[in-house]
Every structure is written in structure tokens, then in C-alpha cells.
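No lab work stands behind these numbers, since they all come straight from the coordinates. Please read all numbers here as calculations on a predicted model, not as lab measurements. A quick note on method: Cβ atoms are made from the backbone with ideal geometry, for glycine too, and the neighbour counts reach across all protein chains shown.
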Ligand code: SF4
Ligand code: SF4
Ligand code: FES
């Protein structure tokens, strides 16, 4: 083990910030993180063993007990469930003779669920030893089972099992732009750095990761900080269930993303960039490394980039290890420093005090992609599209009940109904916009628009038709948040688990009227008192469906549970307040049991 | 920078670098808290100290005081939420106050009294947690840990040791000990350490000191936490 660890440590330059990289290598080799490895790493990296244990326990893809030599995970997104994932999982368990959540006695195979793997357009999907298995069906599971029993190395498996498709149904403003490597960097230097930042400002581009912070303002704030070095981080931890547009961008447009990072570096004065790539996208790692190498060879990364004396910048890819919370910028920074992904306290913001406590710009993949084209075409070109508050276009990952799931690009301000007809959605019951942390809209609200000022989305767009049960959706999302809560703060740590149990009680038909009251009450605490965005949005699936379909919740209640002292309509006041609705659909008359 | 701010209409001074909770404490205004202790790096995890600052929800223990801030602390809405959060902490672990050695000296219990907590309100998780009695002088009853991180900080910041850590995710959080076996006896903790004294609940106890002060005569049996917490306490970091 010592020699193996020495190699791994050497590859990581003995840097504790690369702890995840080191542990991922140990996990891949020993199928878990053995105690002895922890001892050695504590010693060699000079960090407390508690830090290593905390990291191992925090990330879903690191384990303290051995997993199977073939470790299979089924993506448990709601869209996977809608594509028969549950029955396939049972079939896999039966075929492979292993229980879900367990390791087979001979340690050949282990099987479990995992949060959305970013393949909702080609589900039901799985992962085997970290590599994607899209479009699973029974014949494929038979094939996989046979390969496993024969102990065929993964490298010799048929490539089509792993084939990820990128279907661009509607390329728009950005996806159709011509581009050659270096175009944006040249444009930036020809125009001037300050002038290019002014163009980004003029474009009114807002961060595509969800929060919608103005990009130019973030860059400018970072650039004026006295502290150095400054860092550029590309957030490729696309973990929101139902989103996969960053996967597509990195798969097909990586150069344009890296170029956006590079011009950001020029503007803010940074020499080091990091890409935080979600563990589920391991299949992209080698490809991206090659692209980076190619860019170095072309003089687009490294020293004196494109002949600009003194402009040095390079990019390192660091992999996550399975934690949704690491999509939050400060949690991501913690993770990049080799720690559990726990969101930091603000102030100070990461722009001022980020990676290694230095000024840091963290932007989404799509944001960097957009800045590349803004640098080439100018800010006005971008600002002319969309709405005044939401300029430009937005990439959507469309999945669920529609004929054409895949990638779409729309100008902001597009109506939801138009998007639904483009993707071939019929008999729509509702749409989840922005993933579980976003908003559920019913089919009465389809004339609303895609925009920061109406329905904002980091990219997830899940369609549900009228055959779907709303509680299947809410239950899946609520379980997701309880599973992904980092556990740092009390309201979210305890509250998301309470919510899950309370919701299940009602769904299972054991809830009485007072349980509805408690459900709303927990929602409110979790939403208003949590430390970060995860907790703030974890109650959204319940709150938004409660607002759209109060009658369905009421139908779930035990009839005998109605007590005269309980005012149903008053209970919904919280939900009305939070969703800012007061229409008739958000009110209930007290139902009297006969 | 120094100046004044108001908390519930009372004007109080603050000095450069103070957080809202510290400015309040210095002025004798109690803001409920569990994961905060003067002198230690603020943590901001229990959320009991949540206040409204100019209408915005903030943690008083981490938020910097600034000139002219209007802070709402003692509103019905906030007290109600604090009560619910405290109840969440009670149902998350296993707290049987009548049989706990810390009863009367326990901040969690005292905060419960302060908030008029009469029941646990939420269903219990009945978590399976262990007791580590391995150390000759110190006992850890994990059933009572609320993950306030104070022992972690005290060990690192005051004792210079790093005996404790918090691992796990979500509801599976757990306190861990920095020793090859994971047991306290194999760590370098000693009974004089600040980390041993700082625990706000009965999770870390010193052996053979039990019931020296009889129940009824203990700190919060005598005085409500709202009057004690503003004074300097033994467990404050220096
Ligand atoms: S809100 Fe949830 S995810 Fe965010 S810090 Fe608190 S426990 Fe962690
Ligand atoms: S043992 Fe005590 S001090 Fe340490 S985290 Fe738990 S409750 Fe806090
Ligand atoms: S005392 Fe402020 S969050 Fe705990």
C-alpha cells in the first residue's frame, strides 16, 4: 500500500488541497478507504485524521467499507423513476443476486441508488465504477450481468453500453456561433481588458448557475481586490436533478468554456484556473485533459498566452466525489481545499475571500461559454436578445414526458407553452422548472415565461403529463434534499429529514389535519432559517405543489383526523404568503366530514 | 469603525470587528445561542441566534455589527422559530433531562426553558448513538451531541490539539475523535482541556464529578440563561 500511496501522493504533489483526488484514487484501487491508508495520509499530508474521515463520510462516492469490484449505481432522479427505474433496479438485483444497498458476498458486485447522474434525457441511467450507463433496459442488464460474472474488465466492455448522446434539438444564439480557438482571447486583447469588461457589463449577462448575479460586477469586484493570487473557478458540478446542459457544453464546446475562463483570468489578473467537475462526469475527464493539453500546445494556456507578455494562465481539473451541495460556490471552494463541502459563512463573499482565502471568481460552465461569445461579438449583440432584466439566451435540459428530450437554447422571455410544444409534450400536468430547488408550475400557468424575473432556471426543465402522481414527484425531491443536506446547520439538517418523514406520513394516508399544519410549519423553518440555498429551497417542492394542488393534499388526509378546531384555509396561509398567491386556487373551504 | 445600532429599539454601542451577538452581549442584551462562545471563531450552525437586520434574516453570531443597523431580536416570530429549532435539536438526539448529569447546567435545557418549551413537538428520530467511556477521566455520550462544534474549536483554538472533528452528512452527522482507534482514551486529550469544559450539553462530561452540586442548586436552576449568558463565563475563550 505504501508504494501505491506514494505514487498517488506524488501525482497530487503532496498537496492536502488535492485530498479528494488522492482519496478517489485510493477508492478506485482498494474499493474503499482503508484505515491504514488514512494513517499514512494523515502522516504524509500532515492533516488531522478527523479531516480525512470527515471527507470520506461526506462524499457519496467514497466509502469506509469495500464496495464490489463492479460497483453499480442507479440514478434515482424522478425522470429515471418515470422510465421504470424501480423495476429495472429490482431486475438488476435479482439478476446479479445482490440486494440494493449491499455488496455481494464474493465482493464481485455492489448495487445502490444515487442522486441524479445528469443523464435524464437518456434514462434510466446508471454508473458502473463511475462511468455512465445510459438508456438501461433488461437486455442491457443481462449483458452487463454476463460481463460481470465473466469478470471482464470494464475496458473490454462494448463501447455502446457507455455511449452518451448529445442531442441538440434547438441550438440558438450561442450554440450556433462560429468559433475558432483563440478568437475570444484575441478579441479581448485587441479591444483591451477594461473595454472587454465593459462589453460584458453592457451585455448584462447574469450568472447561469441559478443565482443570477451580474457577471461583470463579480469580475470587477474580484479584479480590484488587493490580495493575490486570484483564482478563476469553473463550476461544473451540475448536480441539480434534471440538468445536463453543462455535460453537453463540456462534451462538445469545451474549448469555448476554457476560453471564457482564460479571458476572465486576463481581466481579473489570475494565473490559475480550476474546473470543479462533478464525479458523475468522470467519462469527460480524459477528453477534457486532452483539450487542455491541445490548448497549451496552441499557446492558449501557459506562459505569455498568444504572445501577450506576462499573461500566464493554466487550468487544472479537479473531480468532485458525489455531493450536490458542492454546486454552491463556497462549499465548492471548501471541497477544492480538500474538505467536506460545507457552505461558508457570508460575509465575506468568495469574490473577496475565496479559494485559499484569496479573491476568486466562481462561475458556471454556461456563463464562461457566454462570455467567450460576448468577447467576440460585443455586449450589445447579447443584450439585444431576451428581456431587459434577463438578456441573452438560456440553455435548457429538457427531460420527462416529452417526445424529444435533449438540449434547447431559448432567448429569455420565451413562454413555457412554446417550449413544451417544441419538445413534443402533450397532456401536460405540470413542469418543474429549475429542478427540485426551483418551481413547480401547473398546466394553468404555462403562459409564464423563462426569465430571472418570472421563472428562473439553472437549466433543468422536467415535464410531467397527466398520468403522473404529484406525490411521487414531491416525495422524490424531498428525499433528495434530506439525502443531500450537508448537515451543518440545525434547521436544514434536522428539518429536511423531518419534512421527509412528515410528507411520507401524509402520503401513506396516516396524516391528519394537524399533520398538514406541522408540514407547513417545518417548511417555513427550513426555508427561512437555513444557512444556505439548499435549505432555503428544500421545502419548495412541497410549498409549490401545495399552492397548486391543495385539494390533493387534503384528499390524502385521514378522514377522521378533521377536528373542528382546525382551520384548513388558515393553514395554507403560510404557503400563500411564501408563494405570493392569493387567487381562488390557493384557498380552501373547510370540508366537513359527514 | 465603531458606533451604535439598535436592538428591539434599544440603542447599543459596538466596537470595530464585533459581531451583532457580541455587541449585544457586551451591552447586556441576550440573543439566544448555542454554538457561539465568546472568543471562539463564530460558527453559525445552530441558527438560534437568528435575528432580523434591516429586515433581512441573519445569524447574529456571524454577522458584523454596523452603524445604524436595526436589529429585531425578541419578536414573537423569531422566538417561535427558535423554539422549533431547539425542539429539532431535542428530537434529533436522545435527551432525557431527568437522568442527565448536566441537568441544570445544560445550555440546551436552559434555552428550552427560556423559550417556554413544554414538549418536543416533533416526532423523535430515536437515533442510535454510542457512549465512549474509554477515557479514565472523560465521558462522551453521543446521544446528547448537537454538533455545535464548540469542542472542535476549543481543542484547536485554545488547546492547540485537534482532538475532535465532525463527520458524516445530513442527519447522519457524528462527532469523531482524532485517535488511531477513534476512542477518546487513545487521543491526546486531557481533563484540563478547554474542549472538555466547553460542551453546552451533557455530551462531554468529566468523570467522578457527578452531582457535586445537587440538582436544584445548579446554574440555570438559580438563574435564567438570559441573565447568565451576558456575563463572562468560565468556558469563554480568553
Ligand atoms: S442549509 Fe443545509 S446544506 Fe446549507 S448549510 Fe445548512 S445543512 Fe448544510
Ligand atoms: S460534544 Fe458538545 S461541544 Fe462537542 S459538538 Fe457535541 S454538543 Fe458541541
Ligand atoms: S449561535 Fe449563531 S448560529 Fe449558533
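Quick notes
- Taking every Cα-Cα distance in the stretch A:439-480 and sorting them into 10 Å bins starting at zero, the pair-distance distribution P(r) comes out as 21, 53, 26, 0 percent.
- By definition, a body whose alpha carbon gyration tensor gives a ≥ b ≥ c is oblate when a/c is 1.5 or more and a/b is not larger than b/c, and chain A fits this oblate description.
- Computing FRET efficiency as 1/(1 + (r/R0)^6) for residue A:64 and residue A:584, where r is the C-beta to C-beta distance and R0 is 41 Å, gives about 0.15.
- Whole-Å distance, taken between Cα centres, linking the stretch B:184-205 and the stretch A:156-217: 53 Å
- Per residue, the average separation of C-alpha pairs within less than 8 Å and at least 6 apart gives the stretch B:164-238 a relative contact order of 16 percent.
- For the stretch A:197-278, convex hull volume per residue from C-alpha positions, Å³: 101 Å³
- Look at the stretch B:44-52: the mean tally of other chain Cβ atoms within 10 Å of its residues' Cβ atoms is 4.
- Each Cα pair under 8 Å and six or more residues apart adds its separation to the average, and for chain A the resulting relative contact order is 13 percent.
- Whole-Å distance, taken between Cα centres, linking the stretch B:124-182 and the stretch A:82-150: 37 Å
- Relative contact order computed over the stretch A:141-216 (Cα-Cα under 8 Å; 6+ residues apart), in percent: 14 percent
- Percent of C-alpha pairs per 10 Å bin, the stretch A:355-494, short to long: 11, 34, 30, 20, 5, 0
- Whole-percent pair-distance distribution, where bins are 5 Å wide, for the alpha carbons of the stretch A:56-121: 4, 17, 26, 22, 18, 10, 2
- One compactness figure for the stretch A:85-171 is 1.12, namely its Cα radius of gyration divided by 2.2 N^0.38 Å.
- Using a Förster distance of 60 Å, the FRET efficiency for residue A:316-residue A:555 (Cβ separation, nearest 0.05): 0.65
- The stretch B:1-84 shape via C-alpha gyration tensor axes, a/c threshold 1.5: oblate
- Rounded if a/c under 1.5, otherwise prolate or oblate - chain B, Cα gyration tensor axes: prolate
- Residue order, fewest to most beta carbons within 10 Å, for A:324, A:169, B:220: A:169, B:220, A:324
- Exposure proxy ranking, count of Cβ atoms within 10 Å, fewest first, for A:461, A:382, A:368: A:382, A:368, A:461
- Top of B:16, B:162, B:193 by mean-square fluctuation, Gaussian network on chain B, Cα under 10 Å: B:16
- Beyond 17 Å, the tail of the calculated P(r) for the stretch A:423-540 holds 59 percent of the Cα pairs.
- Those residues of the stretch B:47-79 whose amide nitrogen sits under 16 Å from the label point placed on residue B:9, 7 Å along Cα→Cβ: B:70-77
- Of B:81, B:24, B:154, the one that fluctuates the most in a GNM where chain B has Cα springs shorter than 10 Å: B:81
- Think of it as helices only: each DSSP H run of n ≥ 4 in the protein assembly as shown is worth -39500 (n - 2.57), and spread over all residues that comes to -10500 deg cm²/dmol at 222 nm.
- Cβ neighbours within 10 Å from other chains - mean over B:175-187: 2
- Rg ratio (alpha-carbon, reference 2.2 N^0.38 Å) - the stretch B:160-238: 1.33
- Approximating the spin labels as points 7 Å out from Cα along Cα→Cβ, the residue B:183-to-residue A:194 distance works out to 6.8 nm.
- Residues A:213, A:477 arranged by fewest to most Cβ contacts within 10 Å: A:213, A:477
- Build a GNM of chain B with springs between Cα atoms under 10 Å apart, and of B:128, B:142, B:223 the one that fluctuates most is B:128.
- The stretch A:10-25 and the stretch A:429-472: distance between their alpha carbon centers, rounded to Å: 40 Å
- The C-alpha radius of gyration of the stretch A:121-269, expressed as a fraction of 2.2 N^0.38 Å, stands at 1.40.
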